[in-house]
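K.L.:
Take this structure, written in structure tokens, and hold onto it; I'll ask about it next.
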Amino acid sequence: MKILRIIARLNVGGPAKHVVWLTSGLNPEHETVLVAGTVPPGEEDMGYFATEQGVTPRFVREMSREISPRDAVTVWKLFRLFLSEKPDVVHTHTAKAGSVGGVAGFLYRWLTPAGIVGRPRTCRVVHTYHGHIFHGYYGPLKTSLFLRIERTLANLVTDCIVVVSEQQRREINETFGVGRSDQFRIVPLGLDLDVFADWRARGAAFREELGVQSDELLVGIVGRLTEIKNHDLFLRAVARFVELHPTQRKVRFVVIGDGGLRQELVDQVSELGLAETVTFAGNRTDPESFYPALDVVALTSRNEGTPLTLIEAMANARPVIATAVGGVVDLLGDCISGERNLPYVICHRGISVPPNNAEAFASGLARLVTDVRLREELALNGLQYVEQMHSKERLLDDMRALYRELGLQT
């Protein structure tokens with residue numbers, strides 16, 4: 001079986017790692033070709049990760065995140081690629097790849113090279129939502145347009161829609177009305193857990209690099225510096241935490257990642273008087289080293305699928321605090337606390353906070369900072385859960401089973 005796997009761009013983030021792991025892991029039993037657009041200026045390229053995994057992507061340089069006249073060229077190039085590769089499966093990842101890949105897949109099914117409608121070719125079209133763009137990204141008009149495109153492609157082109165969590169399925173199918181319920185399959189993210197196997201022995205070097213003492217707590221947020229990750233909320237919560245707990249044992253904060261908002265966030269740190277408290281570490285390619293150095297991992301996103309950063313944090317036995325958005329809800333698990341009137345919720349695998357609520361986030365953060373026993377309990381629960389549910393081997397097995405279900409067994 002031949003699979004053409006398409007992603008809009010290999011920028012820093014979970015989707016890029018996901019498609020590379022699938023491409024390398026399913027070869028050679030399922031011949032898989034990874035197709036990607038180019039990473040625009042201002043975003044970090046993760047092409048190095050593909051190289052490390054022995055994957056050589058094919059690039060369609062016209063494929064970009066935004067709607068553009070070049071999308072017609074992208075569709076045409078993908079259509080020509082399909083004609084030459086003759087895939088059994090076209091599997092798209094992320095919104096733009098789903099749109100242009102879906103249209104090209106429709107043309108491949110029905111058109112001859114001369115553009116004449118012919119006998120339909122046998123080719124399954126699968127689309128994976130790693131998140132969605134139906135809120136938190138664009139204004140109402142553009143969001144409405146994207147939603148119409150997604151609904152149309154789901155009805156006319158896509159054979160199977162893959163989501164990474166049950167919460168995401170409910171949002172996309174039930175809340176936003178995309179696709180039929182029988183099209184959806186839940187395939188949670190998987191990652192290479194072997195990378196983090198010796199987390200207990202790591203971490204000291206990163207703390208030393210930042211000048212963090214052994215008796216200090218280090219709270220980190222990991223991700224691209226973009227609007228959807230809402231680092232503004234993180235910094236406002238840190239400022240509120242410092243204001244409410246001036247005598248608290250010393251706590252340091254680190255922002256790991258880079259992006260177009262870096263200077264704006266650096267300026268915000270100065271305005272909030274946090275220059276000696278918050279450090280910007282930039283992009284890092286050593287998660288096996290920086291996660292063990294953190295005592296708490298935070299996530300403040302406005303919208304998420306299942307954030308890889310929280311899974312990686314749990315794989316390193318780090319307690320987490322996150323906004324209750326998208327697949328984060330499933331990842332943190334059920335409420336385990338009977339405490340009432342708290343602005344946050346203590347869940348089985350982390351603390352859940354309402355979106356965009358700095359006061360609640362600061363309160364939840366204070367609870368983790370002061371409650372050593374809770375940190376240890378959440379860390380252990382998270383580690384056990386990730387080892388059971390989010391291994392790369394489980395991801396590959398699930399994807400093989402999905403392709404068999406679609407009648408694509410080799």
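The values are calculated or read from the model by the stated rules, or taken from the named source; none is laboratory data. Given the structure is predicted, the values throughout are model-derived calculations rather than measurements. Cβ placement follows ideal geometry from the backbone for every residue including glycine, while neighbour counts extend to all protein chains displayed.
K.L.:
In this structure, does Ala401 turn out to be without any contact (Cβ under 8 Å) to a residue 60 or more places away in the chain, assigned to a helix (DSSP H, G or I) and loosely packed, with under 15 Cβ neighbours inside 10 Å?
P.N.:
So Ala401 fits the description; yes.
K.L.:
Considering only the range 37-64, state which residues are assigned to a loop (DSSP other than H, G, I, E, B) and closer than 19 Å to Thr92 by Cα.
P.N.:
Selection gives Thr38, Val39, Met46, Val55, Thr56, Pro57, Val60, Arg61, Glu62, Met63, Ser64.
K.L.:
Which one of Thr300, Thr285 is at pLDDT below 95 and closer than 22 Å to Asn11 by Cα? Break it down stepwise before answering.
P.N.:
Details: Thr300 fails: at pLDDT below 95.
Selected residue: Thr285, the only one of Thr300, Thr285 that is at pLDDT below 95 and closer than 22 Å to Asn11 by Cα.
K.L.:
Something else now. Do we find that Ala324 is touching a helix residue (DSSP H, G or I) at 6+ places or on another chain (Cβ under 8 Å), under 26 Å from Tyr138 (Cα atoms) and either without any contact (Cβ under 8 Å) to a residue 40 or more places away in the chain or assigned by TED's automatic domain parsing to the domain that holds Phe134 (or both) in this structure?
P.N.:
Criteria met by Ala324.
K.L.:
Then there is this: Quick check on the range 179-194: of everything there that is free of Cβ contacts under 8 Å to residues at least 40 places away in the same chain and crowded, with 18+ Cβ neighbours inside 10 Å, which residue is nearest to the chain's Cα centre (by Cα)?
P.N.:
Among them, the one singled out is Phe184.
Residue-wise test of (1) in a strand (DSSP E or B); (2) within 21 Å of Thr323 (Cα to Cα).
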{"site": "Ala205", "(1), (2)": "no, no"}
{"site": "Glu208", "(1), (2)": "no, no"}
{"site": "Leu225", "(1), (2)": "no, yes"}
{"site": "Leu235", "(1), (2)": "no, yes"}
{"site": "Arg252", "(1), (2)": "yes, yes"}
{"site": "Leu265", "(1), (2)": "no, yes"}
{"site": "Ser289", "(1), (2)": "no, no"}
{"site": "Gly305", "(1), (2)": "no, yes"}
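K.L.:
Out of Gly305, Gly333, which single residue is in contact (Cβ under 8 Å) with a residue 12 or more places away in the chain, in contact with a His (Cβ under 8 Å, 6 or more places away or on another chain) and surrounded by fewer than 24 Cβ atoms within 10 Å (Cβ to Cβ)?
P.N.:
Among Gly305, Gly333, only Gly333 is in contact (Cβ under 8 Å) with a residue 12 or more places away in the chain, in contact with a His (Cβ under 8 Å, 6 or more places away or on another chain) and surrounded by fewer than 24 Cβ atoms within 10 Å (Cβ to Cβ).
K.L.:
So which residues in the range 143-162 are surrounded by 13 or more Cβ atoms within 10 Å (Cβ to Cβ) and in contact (Cβ under 8 Å) with a residue 40 or more places away in the chain, if there are any at all?
P.N.:
Hits for the range 143-162 are Phe146, Ile149, Glu150, Leu153, Val157, Thr158, Asp159, Cys160, Val162.
K.L.:
Tell me the residue from Gly220, Gly259 that is part of a strand (DSSP E or B) and crowded, with 17+ Cβ neighbours inside 10 Å, please.
P.N.:
None of the other options fit; the residue is Gly220.
Rundown of residues vs (1) closer than 21 Å to Met1 by Cα; (2) touching a helix residue (DSSP H, G or I) at 6+ places or on another chain (Cβ under 6 Å); (3) buried (at least 22 other Cβ atoms within 10 Å of the Cβ), yes/no style:
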{"position": "Pro57", "(1), (2), (3)": "yes, yes, no"}
{"position": "Thr74", "(1), (2), (3)": "no, yes, yes"}
{"position": "Arg80", "(1), (2), (3)": "yes, no, no"}
{"position": "Ala95", "(1), (2), (3)": "no, no, no"}
{"position": "Ala104", "(1), (2), (3)": "yes, yes, yes"}
